[in-house]
Amino acid sequence: MDQVLSQQEIDKLLNAMNNGEIDQEDIQEVTDTSKVRDYDFRRPTKLSKEYTNTLHMLFEDFAKVSGNILSTQLRTNVNMQLASIEQISYDEFTHSIPRVTLLGLMHSNPLKGTQMIEMNPQLCNLLIDLMCGGLEVRSKGITTTVADKESFTEIELSILEEVMQGFRENFQNIWQDIVELDTVFDGVDTNPQLLQNMSPNEPVILITITVKIFDLTSFINICIPYVFFEGIADKLSFRSWFDSSEDVDENATQELQRNLNSVDLTLEAILGEAQMDVADFLELEVGDVIKLDRKTTATLDTYIEGRAYYQVKPGVQNGQFAVELLEKSEGDEVNE
């Protein structure tokens, strides 16, 4: 990790620059060398930048929808945004989270591996207070940190499991455009050090999402093992999403046709036209006859959504006015 300077060290550094004891070029050299990052060839990055961009798009949607779900459960505004996506080892993940924290475990068939959603105790305490009607928390806001928890009660775990179930359903839905998943919630755990579902050196993808509720800003971590992506790595490419060379699914075509068949259309049969003065129009009474510009034996034009389609013959069917289709028209629009 980069060294963090204290305020006293920063003041000394600024004074040395003003006195000429440190040259600006020396600081530039230090700044340039700080851009160099260590690379472990024993655990190389396996997901390409293109695949990572796809995951960014997916989990931005996850954060947005999860924020809406959590806002509904808590009855208050929750802002969730994707912070970062990086590849680390499982050992690094377990050492980066609190010793006692909330872990939601789940697996997604037919893909391999166990996915984990981690929420720290501070965020868990706030969720419990709000879901149990913590009016005092709402009025005063969150300005102080919560002490580390040693354990969760069974009631607390039951309340938080409901939140995890919402995340599970959302996790399953965001993958629909890539692969159909059956994500099953396996339960919750509170001690990451005792979990034995992955080896310490196994590469994992860590998705970090910021959560802001009132004055509290916290994080939710999603840990996905690399074996999860082995079966769908080729589908994470943008080219596979927009590949037009694939055969059209016959079932999808039939479903589209069924949906189109239920669309309502406006059908109009024009009996004829007539012109009259406004004075004659104002004197119309019940029983008056209006002379049209065509004979009663002539065929009528029928329009569907403003376009002429059929020549028809008017008549009566079961006591209602009806038309009989005779022949198809040229299909010219009315306004043409």
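The values are calculated or read from the model by the stated rules, or taken from the named source; none is laboratory data. Computed from a predicted model, the values in this text were never measured in an experiment. Note: ideal-geometry Cβ built from the backbone for every residue, glycine included; neighbour counts use all protein chains shown. Surface areas here come from the heavy atoms of the whole protein model, side chains and all, with no ligands, DNA or RNA. Shrake-Rupley method; radii C 1.70, N 1.55, O 1.52, S 1.80 Å.
Collect the residues in segment 93-130 that are assigned to a strand (DSSP E or B), closer than 17 Å to ASN221 by Cα and either small (Gly, Ala, Ser) or open to solvent by 20 Å² or more (accessible area, probe 1.4 Å) (or both), keeping them in residue-number order.
The answer is GLY104, LEU105, HIS107, THR114.
Could you list all residues from segment 170-184 that are under 13 Å from the mean Cα position of the chain (by Cα) and in contact (Cβ under 8 Å) with a residue 24 or more places away in the chain?
Within segment 170-184, ASN170, PHE171, GLN172, ASN173, ILE174, TRP175, ASP177 meet the criteria.
Any residue at all in segment 281-295 that's at pLDDT below 80, of a type in the set (Val, Ile, Thr) and at negative phi?
no
Grab the strands (runs of 3 or more DSSP E) fully contained in segment 277-328, keeping just those with 3 or more residues being open to solvent by 70 Å² or more (accessible area, probe 1.4 Å).
307-317, 320-328
Just need a number here: residues in segment 160-215 that are in contact with a helix residue (DSSP H, G or I) (Cβ under 6 Å, 6 or more places away or on another chain) and acidic (Asp, Glu).
Count: 1.
Go through (1) among the charged types (D, E, K, R); (2) at pLDDT below 90; (3) within 30 Å of the chain's Cα centre (by Cα); (4) surrounded by 11 or more Cβ atoms within 10 Å (Cβ to Cβ) for ARG43 and report which single condition fails.
Evaluating ARG43 over (1) among the charged types (D, E, K, R); (2) at pLDDT below 90; (3) within 30 Å of the chain's Cα centre (by Cα); (4) surrounded by 11 or more Cβ atoms within 10 Å (Cβ to Cβ) leaves (3) as the failure.
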